[in-house]
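Report on the structure given below.
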Amino acid sequence: MSRKATGGSPTEPAKPRPVSSHKHRGPALDFIGLDVLWLQITGTVCNIACRHCFITCGPKNFNHPFMDRDQVLTTLEAAKDSGVKEYYFTGGEPFMHPDLLFFIERTLEQGPLSILTNALLIDTITAGRLFELSQASEYSLDIRVSLDGTTAEENDPIRGKGTFQEILVGAANLLRAGLNPVFTVTTVHAQYEGGDGRTLFMEELRQRGFPRPRVKFIPPFHLGREAQRSGEYEESFRLSPGDLFPGEEEVLQCGSCRTVTANGVYPCPILIEEDGARMAGSLEASFGSIELNHPACATCHVEGFSCRT
Amino acid sequence: MGMKSREESRLDPMMTRPNDRVLDLRGGSSASRIALFGGIYNNYLALNAVLDDAVRAGAETVFFLGDAGGFGPHPDRSIEILRDRDIVSMQGNYDDSVGNGLDDCQCGYVDPRDNHYAQISYDYTFANTSQHHRDWLRELPTSIRLNLGSHRLLLAHGSPRRVNEFLWETTTSEPFIERLLDEQRADLVCVTHTGIPWQRRLATDPNRGVLNVGAIGRPANDGSLSVWYALVSIDESGDLRSELRSVAYDTERLAAEMRNEGLPDEFVETIETGWWTTCLEILPAKERAAGRF
């Protein structure tokens, strides 16, 4: 496999591939090479159904099923050949996959890995095994635990009744095993916006037994179930040619990432349920510039946001 | 929470500046042993100690990989030493900001607390850097190419791709390093910016790899007060050797001067303990776990 991004012949550059089937014409974004690879290990299958999920993950959503061993190993091999810098496992809930620990071990042989989880399935044994896998690798293993508030009253209406306490138990299991998780917080509560909100959130986590809290805030994306909760994007949100800064492909994650699910390759983890977002059946075939014609693209542009840890 | 308009973009277009001013020394150097350091962060005491150590270690040429300012006291003192001692210097994100009068350091942090302390540091450095030194910083090259024996070296600040890209030991995969070297047509890429030194060579070719020289402005979050720089040389077989060296300096004096200048106690604590108290959120899992905070 070539290490170079493919973009058509030198004399006739390939046309940027739109990230949605909408007829709106968005700005083109160059592809600078595959730095970041997301694997939708469990597809859209999750053990809970959060009200702010930007896809519609849940126990009964099999739009993107679990990836099987062959799909994951083939993808990892192609990623290695492409010089991927870092890896992400997400879903759905990755810890529902029976082969997850094997996939983690295999991935950490070739690069750093972050896993996005709700931590509900991380018991003491699993946490201990994760720590062992982390110690055995020269690369970092980050576990990102989703939590949407510092009380059950804030979190549970979003993530489900009783989840606040269960999430903290899973996170505490990680901490006791030697892995300090990154709490991932979608800013659905206004008090946690900005620097002061962050300070408040971290102090609350210290009070709950996490002495060196790590937190990543994520803006809501008005897609999937979140669109039902807070409303869809307005049409005026779509970016147009000329809206991007020169060199923005270095900053926007989709300039250097792809997401692989059991169904194919997508430009980013946000858009896997959107019409027309599927780019190809293989990683290599997905390389090349894209056209940012989905309104969610404006969220990353406006917020300066990246899903990376 | 409402949606923000497209006109409210928080992206900083300066973050994407290319490394476009290349100092090409490939035809002009016959050195077989060089020293490389980065991230002075105004620590002129460590700078003198490192330069003296590099001379004692036989370095024929000394390269500075950028970021003269930040964190410590009296910015002009470090720049005067660099200029007086003819150190081959290149521009980091800090030097670009100070030289061009930008609002912030372009350090690349994403966390509000990291950015809070970075802004204190930058405002102090900018206010205390003389205009003629700002002019010098503004004109520095953004990358340097040279040959050591038959080996092609590329010196950059964060990475050859972007001045403020962080190349950490535990999040920079070997396949990525190989791709970077191929794309940049280099055998050894030498960088700084993260503040923690490391190096990795390709399993398939031990003469190719990445060397992060660390920073001499503050300790490497390892509980030691010393700072780090690198020596690169050619051995008898023509192979590329690199060594990370630790250097002690007068930390008590630096801490006293930082207090006198009114710099944050958190910065002084780092100098006195060897543990980072700020800029923590940018650290990957393993590097964070290795520190105290």
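The values are calculated or read from the model by the stated rules, or taken from the named source; none is laboratory data. Quantities reported herein were computed from a predicted structural model and do not represent experimental measurements. Glycine also receives a Cβ, built like all others from the backbone with ideal geometry; neighbour counts cover every protein chain displayed. Quick note on the areas: whole protein, heavy atoms, side chains included, nothing else; ligands and nucleic acids left out. Shrake-Rupley method; radii C 1.70, N 1.55, O 1.52, S 1.80 Å.
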When the residues of the stretch A:191-209 are narrowed to those that are closer than 27 Å to A:Thr124 by Cβ and in contact with a strand residue (DSSP E or B) (Cβ under 8 Å, 6 or more places away or on another chain), which ends up nearest to the other protein chains (Cβ to nearest Cβ)? A:Met202
Taking strands (runs of 3 or more DSSP E) that do not extend beyond the stretch B:170-268, which have at least 1 residues that are among the acidic types (Asp, Glu)? B:205-212, B:240-247
Exactly one of B:Asn43, B:Asn19 is polar (S, T, N, Q), open to solvent by less than 50 Å² (accessible area, probe 1.4 Å) and modelled with pLDDT of 90 or more, and that residue is B:Asn43
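If the requirement is being within 13 Å of another protein chain (Cβ to nearest Cβ) and over 28 Å from B:Arg179 (Cα atoms), which of these qualifies: B:Phe267, B:Phe293?
Details: B:Phe267 fails: within 13 Å of another protein chain (Cβ to nearest Cβ).
It is B:Phe293.
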Those residues of the stretch A:258-309 which are among the small types (Gly, Ala, Ser), within 11 Å of chain B (Cβ to nearest Cβ) and either under 30 Å from B:Leu280 (Cβ atoms) or open to solvent by 20 Å² or more (accessible area, probe 1.4 Å) (or both) amount to A:Gly304, A:Ser306
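Please find, within the stretch B:281-290, the residue that is least open to solvent (accessible area, probe 1.4 Å) out of those that are in a loop (DSSP other than H, G, I, E, B) and more than 8 Å from chain A (Cβ to nearest Cβ). Show your work before the answer.
So the first thing to find is which residues in the stretch B:281-290 are in a loop (DSSP other than H, G, I, E, B), and the list is B:281-284.
With more than 8 Å from chain A (Cβ to nearest Cβ) added as a condition, the list becomes B:282-283.
On the way: B:Ile282: 36, B:Leu283: 5 Å².
The qualifying residue least open to solvent (accessible area, probe 1.4 Å) is B:Leu283.
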Could you pull out the residue among A:Gln228, A:Gln207, A:Gln165, A:Gln191 that is under 22 Å from the mean Cα position of the chain (by Cα) and open to solvent by 20 Å² or more (accessible area, probe 1.4 Å)? A:Gln228
Cβ-Cβ below 6 Å, separation at least six or inter-chain, first residue in the stretch A:62-83 and within 16 Å of B:Pro175 (Cα to Cα) and open to solvent by less than 80 Å² (accessible area, probe 1.4 Å), second assigned to a helix (DSSP H, G or I) and among the hydrophobic types (A, V, I, L, M, F, W, C): which pairs? A:Gly83/B:Phe176
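Quick one: how many residues across the stretch A:238-252 are farther than 23 Å from B:Val110 by Cβ and surrounded by 15 or more Cβ atoms within 10 Å (Cβ to Cβ)? Give the steps one after another, and end with the answer.
In the first step, residues of the stretch A:238-252 are kept if they are farther than 23 Å from B:Val110 by Cβ; the result is A:238, A:240-242.
After this cut, where a residue has to be surrounded by 15 or more Cβ atoms within 10 Å (Cβ to Cβ) as well, the list is A:238.
Result for the stretch A:238-252: 1.
Does the stretch A:182-190 include one or more residues that are away from chain B (no Cβ under 14 Å) and assigned to a helix (DSSP H, G or I)?
Filtering the stretch A:182-190 for residues away from chain B (no Cβ under 14 Å) gives none.
Among the residues of the stretch A:182-190, not one is away from chain B (no Cβ under 14 Å) and assigned to a helix (DSSP H, G or I), which makes the answer no.
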Any residue in the stretch B:112-138 that's farther than 27 Å from A:Met202 by Cβ: show its pairings with residues that are surrounded by 18 or more Cβ atoms within 10 Å (Cβ to Cβ) and β-branched (Val, Ile, Thr) at Cβ separation under 6 Å, as long as the two are six or more apart or on different chains. B:Phe126/B:Val98; B:Thr129/B:Val98; B:His133/B:Ile79; B:Arg134/B:Val98; B:Leu137/B:Val98
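Results for (1) closer than 30 Å to B:Gln199 by Cα; (2) of a type in the set (Lys, Arg); (3) more than 14 Å from every other protein chain (Cβ to nearest Cβ), shown as yes or no for each residue.
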position	(1), (2), (3)
A:Glu93	no, no, yes
A:His97	no, no, yes
A:Arg106	yes, yes, no
A:Asp142	yes, no, no
A:Glu153	no, no, yes
A:Pro157	no, no, yes
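Determine whether A:Phe164 is within 22 Å of A:Ala49 (Cβ to Cβ) and within 14 Å of another protein chain (Cβ to nearest Cβ).
Here the answer is no, as A:Phe164 does not meet what is asked.
For (1) surrounded by 22 or more Cβ atoms within 10 Å (Cβ to Cβ); (2) more than 14 Å from chain A (Cβ to nearest Cβ), each residue gets a yes or a no:
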site: B:Ile87; (1), (2): no, yes
site: B:Ser97; (1), (2): yes, yes
site: B:Ser121; (1), (2): yes, yes
site: B:Ile144; (1), (2): yes, yes
site: B:Asn147; (1), (2): no, yes
site: B:Arg152; (1), (2): no, yes
site: B:Asn164; (1), (2): yes, no
site: B:Thr171; (1), (2): yes, no
Only one of A:Phe201, A:Phe221 is within 26 Å of A:Pro27 (Cβ to Cβ), open to solvent by less than 70 Å² (accessible area, probe 1.4 Å) and not aliphatic (A, V, I, L, M). Can you tell me which? A:Phe221
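Please tell me if B:Val189 is aliphatic (A, V, I, L, M), surrounded by fewer than 21 Cβ atoms within 10 Å (Cβ to Cβ), at pLDDT 95 or above and under 17 Å from the mean Cα position of the chain (by Cα). It would help to see each step written out before you state the result.
Details: aliphatic (A, V, I, L, M): yes; surrounded by fewer than 21 Cβ atoms within 10 Å (Cβ to Cβ): no; at pLDDT 95 or above: yes; under 17 Å from the mean Cα position of the chain (by Cα): yes.
No; evaluated as a whole, the condition is false for this residue.
Quick one: which of B:Ala49, B:Ala59, B:Ala68 is of a type in the set (Gly, Ala, Ser), outside any helix (DSSP H, G or I), open to solvent by 10 Å² or more (accessible area, probe 1.4 Å) and modelled with pLDDT of 95 or more? Give the steps one after another, and end with the answer.
Values: B:Ala49 fails: outside any helix (DSSP H, G or I); B:Ala68 fails: open to solvent by 10 Å² or more (accessible area, probe 1.4 Å).
After applying the criteria, what remains is B:Ala59.
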Number of the condition not met by A:Thr184 [criteria: (1) at pLDDT 95 or above; (2) closer than 14 Å to A:Phe217 by Cβ]: (1)
Across the stretch A:201-227, what is the total count of residues that are in a helix (DSSP H, G or I) and in contact (Cβ under 8 Å) with a residue 24 or more places away in the chain? 6
Of all residues in the stretch A:118-157, how many are open to solvent by less than 10 Å² (accessible area, probe 1.4 Å), touching a residue at least 40 places away in the same chain (Cβ under 8 Å) and among the small types (Gly, Ala, Ser)? 4
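Using the structure shown, decide if A:Glu249 is facing another protein chain (nearest Cβ under 9 Å), among the acidic types (Asp, Glu) and outside any loop (DSSP other than H, G, I, E, B).
Numbers: facing another protein chain (nearest Cβ under 9 Å): yes; among the acidic types (Asp, Glu): yes; outside any loop (DSSP other than H, G, I, E, B): yes.
It is true that A:Glu249 is facing another protein chain (nearest Cβ under 9 Å), among the acidic types (Asp, Glu) and outside any loop (DSSP other than H, G, I, E, B).
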Checking B:Arg161 against (1) under 15 Å from B:Asn93 (Cβ atoms); (2) of a type in the set (D, E, K, R); (3) assigned to a strand (DSSP E or B), only one condition comes out false. Which one? (3)
Which one of B:Gly101, B:Gly158 is open to solvent by less than 60 Å² (accessible area, probe 1.4 Å) and on the phi > 0 side of the Ramachandran plot? B:Gly101
Take A:Phe31 and decide whether it is under 15 Å from A:Glu284 (Cα atoms), within 14 Å of chain B (Cβ to nearest Cβ), within 19 Å of the chain's Cα centre (by Cα) and of a type in the set (Phe, Trp, Tyr). yes
Only listed residue being at pLDDT 95 or above, touching a helix residue (DSSP H, G or I) at 6+ places or on another chain (Cβ under 9 Å) and more than 22 Å from B:Gln184 (Cα to Cα), chosen from A:Ile55, A:Ile48: A:Ile48
All conditions in (1) more than 25 Å from A:Pro59 (Cβ to Cβ); (2) modelled with pLDDT of 95 or more; (3) of a type outside the set (Gly, Ala, Ser) are true of A:Thr163 except (1)
Any idea which of B:Arg200, B:Arg245, B:Arg218, B:Arg179 is surrounded by fewer than 23 Cβ atoms within 10 Å (Cβ to Cβ) and more than 13 Å from chain A (Cβ to nearest Cβ)? B:Arg245
Subset of the stretch A:134-150 (residues that are farther than 19 Å from A:Cys53 by Cα and in a loop (DSSP other than H, G, I, E, B)): A:Ser137, A:Glu138, A:Tyr139, A:Ser140
